[in-house]
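Remarks on the structure that follows.
The values are calculated or read from the model by the stated rules, or taken from the named source; none is laboratory data. Quick caveat: nothing in here was measured; it's all calculated off a predicted structure. Every residue, glycine as well, gets a Cβ built from its backbone with ideal geometry; the counts of neighbours run over all protein chains shown. Remember, those area values only see protein heavy atoms, side chains included, never the ligands or the DNA or RNA. Shrake-Rupley method; radii C 1.70, N 1.55, O 1.52, S 1.80 Å.
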Amino acid sequence: EAGVTQSPRYAVLQEGQAVSFWCDPISGHDTLYWYQQPRDQGPQLLVYFRDEAVIDNSQLPSDRFSAVRPKGTNSTLKIQSAKQGDTATYLCASSDRFSNERLFFGHGTKLSVL
Amino acid sequence: EQQVQQSPASLVLQEGENAELQCSFSIFTNQVQWFYQRPGGRLVSLLYNPSGTKQSGRLTSTTVIKERRSSLHISSSQITDSGTYLCATRSNMGYKLTFGTGTSLLVDP
């Protein structure tokens, strides 16, 4: 079974630049999560979807971050104007509500904002 | 808001020794999951243990819901066990998985 796929693996930006992260979840998984993991910290939820609907985006900095999952499959997380504080690894995970909601993670995108 | 605490923050063992990692959470949960992460690697689910004791190879997790805690026991540690172990819980009312800050394990030869 293919795992969760993310791209790119790495991104280096200057402050103020925009960047998009892409995630392809495990086929059939209805729930998709985006987490932010600063260095030496645990992952922190940004947003999650059930199919194409946003269930919780309360931790997403809405002035600069946006996330979509238009067909309930792939998802894109975008940062409009990156700040140094956004430096972190961005993780995508998926789960299936009928399988105890165990999460499966992608490799992540490591973002450095200079 | 669910809070997850893990201890110890870091641990150094000699190969062959056992490890006991602790996780406590502020809100009752029906889902506790342990993850492993090698530096630069993906988060890998080790054990899903909502209650009681679950074993997978050299790993044993014990969750006591009424005491809001879970533990992960690693027996006969190996160098390849080195990495970060993360505990995550989900509150009974929602889907959000909240992670602790992890235990960094180093197994020396």
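Here are some notes:
- Pick from the range A:90-109, criterion more than 9 Å from the chain's Cα centre (by Cα), more than 8 Å from every other protein chain (Cβ to nearest Cβ) and within 21 Å of A:G42 (Cβ to Cβ), ranking: modelled with the highest pLDDT: A:S94
- Complete set of residues in the range B:67-109 that are at pLDDT 90 or above, among the charged types (D, E, K, R) and not in a strand (DSSP E or B): B:E67, B:R68, B:D81
- Every listed requirement among (1) polar (S, T, N, Q); (2) within 30 Å of A:L114 (Cα to Cα); (3) facing chain B (nearest Cβ under 10 Å); (4) open to solvent by less than 80 Å² (accessible area, probe 1.4 Å) is met by A:Q59 save one, (4).
- Members of the range B:32-49 found to be closer than 15 Å to A:R102 by Cβ, assigned to a loop (DSSP other than H, G, I, E, B) and either of a type in the set (S, T, N, Q) or open to solvent by 60 Å² or more (accessible area, probe 1.4 Å) (or both), listed by number: B:R42, B:N49
- Qualifying positions in the range A:85-104 - of a type outside the set (G, A, S) and within 14 Å of A:S75 (Cα to Cα): A:Y90, A:L91, A:C92
- Qualifying residue in the range A:62-71 (condition: within 12 Å of chain B (Cβ to nearest Cβ), within 19 Å of B:K96 (Cα to Cα), open to solvent by 50 Å² or more (accessible area, probe 1.4 Å) and among the polar types (S, T, N, Q)): no
- Boolean, A:G85 is part of a helix (DSSP H, G or I), open to solvent by 30 Å² or more (accessible area, probe 1.4 Å) and more than 11 Å from chain B (Cβ to nearest Cβ): yes
- Among the residues of the range B:50-66, those that are of a type in the set (D, E, K, R) and not in a strand (DSSP E or B) comprise B:R58, B:K66.
- For the residues B:R42, B:R58, B:R69, the requirement of being out of contact with any helix residue (DSSP H, G or I) (no Cβ under 7 Å at 6 or more places or on another chain) and within 11 Å of chain A (Cβ to nearest Cβ) singles out B:R42.
- Any hit, the range A:27-39, residues being among the aliphatic types (A, V, I, L, M) and within 10 Å of another protein chain (Cβ to nearest Cβ): no
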